[in-house]
Every structure is written in C-alpha cells, then in structure tokens.
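Every number in this text was worked out from the coordinates using simple rules, so none of it is lab data. This is a predicted model, so every value here is computed, not measured. Cβ atoms come from the backbone with ideal geometry, glycine included; neighbour counts cover every protein chain shown.
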Amino acid sequence: QQKVQQSPESLSVPEGGMASLNCTSSDRNFQYFWWYRQHSGEGPKALMSIFSDGDKKEGRFTAHLNKASLHVSLHIRDSQPSDSALYFCAASITGNTGKLIFGLGTTLQVQP
Amino acid sequence: EAAVTQSPRNKVTVTGGNVTLSCRQTNSHNYMYWYRQDTGHGLRLIHYSYGAGNLQIGDVPDGYKATRTTQEDFFLLLELASPSQTSLYFCASSDGDSDYTFGSGTRLLVI
C-alpha cells in the first residue's frame, strides 16, 4: 500500500487561478513533508518543506500541514503556464532527508 | 551551484545484458540515492548510501547492485538486465539536513 497518497492525479487550472494539491500519509511515523516539482525531461526539484502544523508561504506557494490528520496540501496562487509539471509529495520519519518516500504525483496543467 | 550528473542519458541493452549507470555529485554531500520512476509507481528507492563504501538497501532492490566508490561517485549495476527494469532512473544527493538534488535522469530500455 502506498504510504504517501496524493490527490488528485491530475488537475487543470486557468492561468492566474489557484491550484490546490493534496497529500496524506497512512503512516503516523511520517511527520516531515516536502513538495517537489518535476518538469518534463528533468529531474524533480525541491519546492519547499514543512515540518510544523500550520501554513508556510514561499512566494506564490503555500503549504499547509495538519499533523493530527497527516494531511499536507500545496496551494499555488496566480498559477502560470510554467507551473505546469508533475508535483510530488515526499515524507520522512525524521527531518533528516536520509530516506524520503514519495507519492505518485499530481500532474498540473495550467491553461493559458 | 550544487550538481548531480548522470551518465549515460539514454541506454538500450538486451535482456541478460550488463549495465552500469553512473552518478557524480559535486555537492560534497554524504548521502546519495538511486530511484526509478515509472508511471503508476512514482519514485521508488532502489539503493542509497551514507558515504564512500557504505550501501543501504532501498524499497525495490531486487535485480540491482550499487557501489559508492568515493564521496562523489555512486554506481547502479544491473548484471542480468530484464525488460521489467526498463525505466527512468534518477540519482540524487543530500547533506541530510536539506532537500535532495536530483540528476537529470537516465532512460534505460531493455529489449
């Protein structure tokens, strides 16, 4: 069973719109989360990490973590066509990234 | 800027063939990883290493060997390649306290 589950599988939003991606862990040991983005033909690149309950904002990206429900979300405001990519949620037992477990990803398409 | 370089970029081999994928990082990171990426399975950890000479088994190790010869170099070996190992392979490095840096990937086709 996938320990890190992402939804939706794919998402389409208009340029300038808000994209919301979700991630849930089925393993209560996973307490630390990251978001990665992968453009076609490239390797994944880290967007942001979140370790504490609440919101963390970096530019147009906001991550939200609820440790009680093991749910983390990523919200992208003012979405741009360049945001079109595969987004991965990753989790680990410790803040040390020694071993990250990745979800299956959400494909985001931003329509111009 | 931190860099992880993988080679080759593309590889075709026959079933039963011998393949070595190479990865070099210039980040002075202690941790290095090999993942495979497949549609419907996401990124799955094959092997990883904490430093030169160290090797840890990942989640999908069957059919793969790995060797960390130096802090910079991490190799993935497929000694009897099978079609099920056709995949996109990524190497990554980390200092353990920050995010991974991934390479650009090696696309392997086993025919």
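Summary of values
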| quantity | calculated |
| --- | --- |
| Relative contact order (%) - chain A, alpha-carbon pairs under 8 angstrom, separation at least six | 38 |
| Relative contact order (percent, whole number), chain B, Cα cutoff 8 Å, 6+ residue spacing | 36 |
| Cβ-based exposure ranking for B:70, A:107, in which fewest neighbours within 10 Å come first | B:70, A:107 |
| Candidate aspartates and glutamates for bridging to residue A:67, where Cα separation is under 14 Å - those fewer than 8 sequence places away on the same chain excluded | A:27, A:53, A:55 |
| Sorted by Cβ neighbour density within 10 Å, fewest at the top, the residues A:93, B:46, B:111 | B:111, A:93, B:46 |
| The range A:1-59 and the range B:77-91: distance between their alpha carbon centers, rounded to Å | 27 |
| Rounded to whole Hz, the Karplus (6.51, -1.76, 1.60) HN-Hα couplings of the range B:41-52, x for glycine and proline | 10, x, 9, 10, 7, 8, 8, 8, 8, 8, x, 3 |
| When each of A:45/B:65; A:3/A:99; A:3/A:57 is checked by Cα-Cα distance, pairs over 21 Å | A:45/B:65; A:3/A:57 |
| Alpha-carbon centroids, the range A:80-112 and the range B:1-60: separation in whole Å | 19 |
